[in-house]
Amino acid sequence: MSQHPTAEQLRSAAALMTGQAAGMPAIDRRKVLQGMLLGAAGAAFTPGIFGQVEIPPSEIRLMFNENPYGPSPKALAEVAKILPKTAYYPGAIEEDLVGLFMARHQLDRKQVFLASGSNEGLQAAMMAFGKRGKVIAPTLTYSDHLNYAEKLGVEVLRVPLRQDMAIDLEAMARAVDDSVSLVYLCNPNNPTGMAIEGDELRSFCREVSRKAPVMIDEAYNELTDKPDGSSMVDLVRGGENILVTRTFSKIFGMAGLRVGYGMGHPDIVSVTKDHVMAWPNGVGLYAAYHSYLDEDFIAFSREKILRGREMVTATFRRHGIEPLPSQASFVYANIERNADAFKTAMAARNVRIRGIYEGYDTYSRVSMGKLEDLEVFDSVFSEVFVG
């Protein structure tokens, strides 16, 4: 995993970026920040021992891409302190959290916004730009926001994947004309788990964003082989016509607390923010702030998810199934039988996985759970598959 500034460096840098440092002009704050962060590259993270969120013993949930090792214990401890104050609106914690994003990614305030999970930001962008023209997306990708927008009249043009199940960037680029108002990509893609190589995606974004804004859903970025290299935040920093969305639902294990954020060109951020409906969740914001600074938990969480990914991959391979190469918190594979029927048989044994995605009737997606849950999955999968 790429190494980032320490928590203390981020706190200090966030104060600079949000203007809390003695009225210092923004351009000077940016220069000071860059100097502060230069020494952070050598920081090392040591995983600790963390608690686990209990789920009903009769049910193993491997279908929603949740991270049962979260939230961060440090975040939970801080949340406990503010629970008596939740009669009031969140207040300064919003700017404190945004300041962390600004500090880590060297962005200005107009380039960042908060949302109730990344999905709220995705939906807001879909409605904002979908009123102006068509939205282009891959045929097989995360689609809750796409379906939501279509129900409200937005036209979504879906471009088929390549034969190898990768997103066809060339075909998507060819599809962009004057009628297109937004291009959506999920990287790594959900449900395939496959990541687009960073420089390849960067070239695509630079070319296509001259015609229409490009929105990159980076929900699983922290789990990729090269999180910084595969992210398009550098294009945001460079002023390109790009919007990047992130979430606290995955590596941070906060799916139920609903916190997400976006980083983009100021014009895109402004329009998107105008279409965000949900008010920030105060408890979630506090948890997000302290989770973002908990470097030990982030490293621990990543290590558990990657180990789980290896375990599920091994289960598939033991039965002659070669899954798609995943860089996310799930594995997608062609089990060569009806995925819905297989899902039902697994659920009868208290293991829940995903069934059919339209057009891919024989593919199953398995999310990472606790490692002991994945041992149960291995046994149940074998029983059902050989059956």
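The values are calculated or read from the model by the stated rules, or taken from the named source; none is laboratory data. Just so it is clear, the model here is predicted, and its values are computed rather than measured. No Cβ is skipped: glycine too gets one built from the backbone with ideal geometry, and neighbour counts run over all protein chains shown.
Ala171 meets each of the listed conditions (1) assigned to a helix (DSSP H, G or I); (2) modelled with pLDDT of 95 or more; (3) surrounded by 20 or more Cβ atoms within 10 Å (Cβ to Cβ) apart from (3).
Does any residue of segment 316-334 turn out to be surrounded by fewer than 24 Cβ atoms within 10 Å (Cβ to Cβ), among the hydroxyl-bearing types (Ser, Thr, Tyr) and at pLDDT 95 or above? Scanning segment 316-334 turns up no residue that is surrounded by fewer than 24 Cβ atoms within 10 Å (Cβ to Cβ), among the hydroxyl-bearing types (Ser, Thr, Tyr) and at pLDDT 95 or above. Scanning segment 185-227 for residues that are basic (Lys, Arg) and buried (at least 19 other Cβ atoms within 10 Å of the Cβ) yields one hit, Arg202. Just one of the listed residues (Leu306, Leu324) is assigned to a helix (DSSP H, G or I) and over 16 Å from Val380 (Cα atoms), namely Leu306. The listed residues are Met194, Met172, and the only one of them that is in contact (Cβ under 8 Å) with a residue 60 or more places away in the chain and touching a Leu at 6+ places or on another chain (Cβ under 9 Å) turns out to be Met194. Considering (1) buried (at least 19 other Cβ atoms within 10 Å of the Cβ); (2) more than 21 Å from the chain's Cα centre (by Cα); (3) not in a helix (DSSP H, G or I), the lone condition that Val79 does not fulfil carries the number (3).
With respect to the stated conditions, Leu157 is touching a helix residue (DSSP H, G or I) at 6+ places or on another chain (Cβ under 7 Å), surrounded by fewer than 21 Cβ atoms within 10 Å (Cβ to Cβ) and either of a type in the set (A, V, I, L, M, F, W, C) or at pLDDT 95 or above (or both). Within segment 292-312, the set of residues being over 26 Å from Arg354 (Cβ atoms) and of a type in the set (Gly, Ala, Ser) comprises just one member, Ala299.
Listed by position, the helices (runs of 4 or more DSSP H) contained in segment 222-279 that have at least 1 residues being in contact with a His (Cβ under 8 Å, 6 or more places away or on another chain) are 233-237. Is there a residue being among the polar types (S, T, N, Q), over 21 Å from the mean Cα position of the chain (by Cα) and more than 24 Å from Gly359 (Cβ to Cβ) anywhere in segment 174-185? The answer is yes, given that some residue of segment 174-185 is among the polar types (S, T, N, Q), over 21 Å from the mean Cα position of the chain (by Cα) and more than 24 Å from Gly359 (Cβ to Cβ).
Taking segment 344-355 as the range and being in contact (Cβ under 8 Å) with a residue 40 or more places away in the chain and assigned to a helix (DSSP H, G or I) as the test, only Ala345 passes. The criterion of being under 17 Å from Arg109 (Cβ atoms) and either at pLDDT below 95 or surrounded by 20 or more Cβ atoms within 10 Å (Cβ to Cβ) (or both) holds for Arg246. Every condition in (1) surrounded by fewer than 20 Cβ atoms within 10 Å (Cβ to Cβ); (2) touching a Phe, Trp or Tyr at 6+ places or on another chain (Cβ under 7 Å) holds for Val259 except the one numbered (1).
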